[in-house]
Amino acid sequence: MDKKMQKQLKKSLEKEKMKLTKDLKSFANKDTEVKGNWLTRFPFFGISRSHDDENAERIEEYENLLSVEHTLELRLKDINNALEKIKNNNYGICEKCKKEIEIKRLKIVPEAKQCLICSKENS
């Protein structure tokens, strides 16, 4: 992979990292004890007398946010790993077969860990 393409993919990864971090900050706080972990804030719907319906709604919203948090954390971890690989000059190499990951694939999924063939084998 040439340096120009790597720079372009790095920029794409950094942009996505900023977006994911912003999304996470909208409903979660960084965990000060576990690096890379976020803690979903329990949704606050205003002050009112507790009603079973309102409590159920809050719990459901919280559960949904936990799921979103987990998904975003995993994606952010993959992006951080890809950025670290760029820094260490081993970006774009399949973790399984050790061959170069196709540029076409990296343009679509810049945090890809495996080439298309190895990825399909794992599916």
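Neighbour counting of Cβ atoms within 10 Å sorts the residues Asp78, Asp31, fewest neighbours leading, into Asp31, Asp78. Which entries in Lys11/Lys87; Lys10/Lys85; Lys3/Lys85; Lys25/Lys77; Lys4/Lys98 show an alpha-carbon gap greater than 20 Å? From Lys11/Lys87; Lys10/Lys85; Lys3/Lys85; Lys25/Lys77; Lys4/Lys98, over 20 Å: Lys4/Lys98. Estimated purely from DSSP H runs of n ≥ 4, each contributing -39500 (n - 2.57), the mean residue ellipticity at 222 nm for the chain is -20000 deg cm²/dmol once divided by its residues.
Between helix 3-25 and the chain there is an angle of about 10 degrees, using the helix long axis and the longest principal axis of the Cα atoms.
Take the cross-link list Lys17/Lys96; Lys22/Lys99; Lys30/Lys104 and give me the ones stretching past 31 Å between alpha-carbons. Don't jump to the answer; show the numbers that get you there.
Values: Lys17/Lys96 25 Å; Lys22/Lys99 34 Å; Lys30/Lys104 34 Å.
With Cα atoms farther than 31 Å apart: Lys22/Lys99; Lys30/Lys104.
Taking square-rooted eigenvalues a ≥ b ≥ c of the alpha carbon gyration tensor, is the stretch 3-92 rounded, prolate or oblate, where a/c under 1.5 means rounded and, failing that, a/b exceeding b/c means prolate? Prolate is the answer for the stretch 3-92, as a/c is 1.5 or above and a/b outweighs b/c.
Give me Val34, Val109 ranked fewest to most by other Cβ atoms within 10 Å of their Cβ, as a rough exposure proxy. Intermediate values should be presented prior to the final figure.
Numbers: Val34 9, Val109 14.
If I rank by nearby Cβ atoms, fewest first, I get Val34, Val109.
Along the chain, the longest continuous region that contains none of the GluC sites (Glu not before Pro) in a DSSP loop with at most 15 other C-beta atoms within 10 Å is 34-94. Relative to the first principal axis of the alpha-carbon coordinates of the chain, what is the inclination of helix 52-87, with its axis defined by its Cα atoms, in degrees from 0 to 90 and to the nearest 10? Here the helix axis deviates by roughly 20 degrees. Distance between the 7 Å Cα→Cβ label points at Asn90 and Ser123: 2.7 nm. The stretch between Val34 and Tyr62 holds 8.0 nm of extra length on full extension. This uses 0.36 nm per residue minus the Cα-Cα distance.
The numbers here are math on the coordinates, done by the rules we state, and not lab data. In this text, all values refer to a predicted model and were calculated from it rather than measured experimentally. Glycine gets a Cβ as well: all are built from the backbone with ideal geometry, and neighbour counts include every protein chain shown.
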